[in-house]
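Only the coordinates and a few stated rules stand behind these numbers; no lab work does. Please read these numbers as outputs of a predicted model, since none were measured by experiment. In this analysis, Cβ positions are derived from the backbone assuming ideal geometry, glycine residues included, and neighbour counts consider all displayed protein chains.
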Amino acid sequence: MILVTGDIHGCADIGKLSVKANPIQKQMTKEDFLIIAGDFGLVWNNDAEDLWWRKWLDKKPYTTLFIDGNHENFDLLNEFEEVDFHGGRAHRIGESIYHLMRGEMFELQGRRFFTMGGAESHDKEYRTLGESIWEQELPSDEEYAHALETLEKYDYKTDFVITHCAPTSIQHEIAAAIGLENEYPGNRLTDFLQEIHDKLEFQGWFHGHYHTDLTSNIDNRVNLLFNHILQIV
């Protein structure tokens, strides 16, 4: 079983992972996965709260996977051990918690997953560099190049794509739907994802970032997740 959901923002929106909110987890094992599409937020201070909730996730019957969003402490995140995980590179955060790195291809239960974290914060003016926002929220030149190398290696074919933000055309669609057109302009990452979207063969694309649940009218394979938890395998 593989489930996907949106941002949890540390403990702010983690309630959707409770047994009451997500009872299907009773049927899961550590061989099953729940993927969080960015803004994990439990690698923030490594304080007692972070550690308590990571231990809570480690006790779940499944294995927790996440990509990074824009609201992550990247300096701290990058201090964790980098490991090979199901064909791609990941940071091992806990006994059964892994950060899926950018531009990687993972094989989970016979399906391929291409991952590309990151997004641009629309509330930069309210945040402090190195304390509540980090330059690494958007990919580096090297990460873009690595992502293209990975896609070329797999002939631009995958089963699923996990990102935090959406391709530019779909981001514009979402921004119009939630009435925030001015807060979500396109950027290098969304344009990059648009290029990938237009070339890649895939079955489903799942992302977070915009704090609502929505299936794109432009491409109904692309799903924005926040509160919903979808079983995709």
Subject >> Hits among lysines - C-alpha to C-alpha of Lys124 under 29 Å, sequence gap 8 or more where chains match >> reply: Lys16
Subject >> Rg(Cα) / (2.2 N^0.38 Å) computed for the range 66-105, rounded to two decimals >> reply: 1.07
Original post:
Between the range 1-59 and the range 105-129, what's the alpha-carbon centroid distance in Å?
Top reply: 16 Å
**OP:** Please find, in a Gaussian network model of the chain (springs between Cα atoms separated by less than 10 Å), the residue of Asp159, Asp198, Asp39 whose mean-square fluctuation is greatest.
**Re:** Asp198
Original post:
Within straight cross-link reach of Lys60, meaning Cα distance under 12 Å, which aspartates and glutamates are found once same-chain residues fewer than 8 apart are removed?
Top reply: Glu31, Asp32, Glu95
**OP:** Output the Kirkwood hydrodynamic radius of the range 110-166, Cα pairs only, in Å rounded to one decimal.
**Re:** 13.2 Å
**OP:** Springs between alpha-carbon atoms under 10 Å, Gaussian network over the chain: tell me which of Met105, Met28, Met116 tops the mean-square fluctuations.
**Re:** Met28
Original post:
Given R₀ = 41 Å, FRET efficiency for Glu201-Ser18 by Cβ-Cβ distance, to 0.05?
Top reply: 0.70
Subject >> Listed pairs Lys20/Lys55; Lys26/Lys55; Lys55/Lys157 exceeding 28 Å between Cα atoms >> reply: Lys55/Lys157
Original post:
Among Leu51, Leu42, Leu108, which comes first, second and so on when ranked by fewest other beta-carbon atoms within 10 Å?
Top reply: Leu51, Leu108, Leu42
Original post:
Scattering from the C-alpha atoms of the range 105-233 alone, worked out with Debye: what is log10 I(q)/I(0) at q = 0.22 1/Å?
Top reply: -1.43
Original post:
Using a Gaussian network for the chain with springs between C-alpha atoms less than 10 Å apart, which of these wobbles most: Ile36, Ile162, Ile196?
Top reply: Ile196
Original post:
Given H placed 1.01 Å from N in the peptide plane, which residues other than close sequence neighbours of Leu108 have an amide H under 5 Å from its amide H?
Top reply: Phe113
Original post:
Which value, in nm² and rounded to one decimal, describes the direction-averaged projected area of the C-alpha convex hull of the range 1-155?
Top reply: 9.4 nm²
Subject >> DSSP-defined antiparallel bridges as percent of all bridges, the chain, nearest 5 >> reply: 45 percent
**OP:** Would you compute, from DSSP H runs of 4+ residues alone, the mean residue ellipticity of the chain at 222 nm, taking -39500 (n - 2.57) per run and dividing by the full residue count, rounded to the nearest 500?
**Re:** -6500 deg cm²/dmol
Subject >> For Arg89, Arg188, order by how many other beta-carbon atoms lie within 10 Å, fewest first >> reply: Arg188, Arg89
